[in-house]
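First up is the structure itself, then whatever we jot down about it.
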Amino acid sequence: MERNPVTELREKIDMDRLPSHIAIIMDGNGRWAKKRLLPRTAGHREGMKRVIDIVQVASELNIKYLSLYAFSTENWKRPKEEIDGLMKLLVEYIRIELDRIHRNNIKIQTMGDLSKIPEFARKEIKRAIDTTQNNTKMVLNIGLNYGGRDEIIRGIKSLLEDIRMGKINIEEVDEGSFKNYLYTKDIPDPDLLIRPSGELRISNFMLYQIAYTEFWFSDILWPDFKEEHLYMAIIDYQRRNRRFGGI
Ligand code: IPE
Ligand code: IPE
Ligand code: MG
């Protein structure tokens with residue numbers, strides 16, 4: 001029988017040493033569309049299909065936390081039509097996928113300031129969060145109007161407020177207690193961060209949380225990102241020696 005190369009790759013993964021938390025900067029939609037002389041929104045639409053695929057694959061692999069960067073605090077600089085298109089796609093994604101996500105016992109969470117997200121999209125996001133709040137198989141954590149610096153500053157402000165109210169003493173502020181002031185208070189730091197599209201930067205993603213995260217960069221554009229690329233990233237990750245400052 002002929003062997004399927006994707007299956008062969010998947011079988012190379014050590015299921016006992018999976019990363020618990022994978023984070024992905026989903027980049028390259030615009031360039032994917034440009035190469036095909038299509039509008040940028042067509043790239044975002046294709047990118048949304050990859051979100052559907054990768055959520056499925058990650059959950060089948062038993063990944064516990066998947067963080068996806070969907071819209072940054074800097075992405076408001078883009079033309080209004082592109083932003084509107086992205087918000088509409090987000091709604092479309094939830095309408096298409098929420099049933100399946102819920103059936104697969106996946107919990108949807110977001111990080112970022114949702115108050116700036118247009119009402120029509122915020123309503124759908126809230127519905128997705130409420131519907132899936134008790135699910136336990138995997139957390140799908142979506143960065144929406146998310147910025148790492150914004151997250152840290154918000155955390156500091158709310159910490160200062162708690163100090164002023166006497167809820168916490170300055171002496172009690174440490175890495176353990178500060179974590180509670182971040183969007184990710186309930187989830188562990190990413191073990192593996194994947195950035196496709198050829199850019200070798202972090203673009204303000206999870207700045208506080210990636211202190212000891214392993215990075216996997218690739219030239220693949222997000223709309224071309226397939227399950228085998230996720231497997232390659234995990235296999236690479238499993239070859240690394242994580243020392244966390246030790247020997
Ligand atoms: C990522 O693709 C999607 C978002 C940032 C929302 P881009 O739109 O950044 O695609 P490129 O980087 O222009 O190719
Ligand atoms: C990062 O991609 C943000 C998201 C994927 C949502 P960008 O395309 O905005 O990042 P830069 O501008 O190339 O750094
Ligand atoms: Mg980009």
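Where a number appears in this text, it was derived from the coordinates with a stated rule and is not lab data. Please read all numbers here as calculations on a predicted model, not as lab measurements. Glycine also receives a Cβ, built like all others from the backbone with ideal geometry; neighbour counts cover every protein chain displayed.
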*Where in segment 131-247 are there strands (runs of 3 or more DSSP E), lying fully within it, with 3 or more residues that are under 26 Å from residue 114 (Cβ atoms)?*
138-146, 192-195
*In segment 36-71, how many residues are in contact with a helix residue (DSSP H, G or I) (Cβ under 9 Å, 6 or more places away or on another chain), in a strand (DSSP E or B) and not aromatic (Phe, Trp, Tyr)?*
3
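Residue-wise test of (1) touching a residue at least 12 places away in the same chain (Cβ under 8 Å); (2) buried (at least 21 other Cβ atoms within 10 Å of the Cβ).
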residue	(1), (2)
165	no, no
172	no, no
179	no, no
185	no, no
195	yes, yes
202	yes, no
206	yes, yes
*When residues of segment 161-214 are filtered for being under 13 Å from the mean Cα position of the chain (by Cα), more than 16 Å from ligand 1 (Cβ to nearest atom) and among the charged types (D, E, K, R), how many remain?*
2
_The lone exception for residue 10 - which of (1) charged (D, E, K, R); (2) within 12 Å of ligand 1 (Cβ to nearest atom); (3) surrounded by 14 or more Cβ atoms within 10 Å (Cβ to Cβ) it fails_ = (2)
*Check whether at least one residue in segment 51-65 is more than 17 Å from residue 231 (Cβ to Cβ), more than 12 Å from the chain's Cα centre (by Cα), surrounded by fewer than 23 Cβ atoms within 10 Å (Cβ to Cβ) and without any contact (Cβ under 8 Å) to a residue 24 or more places away in the chain, and report yes or no.*
no
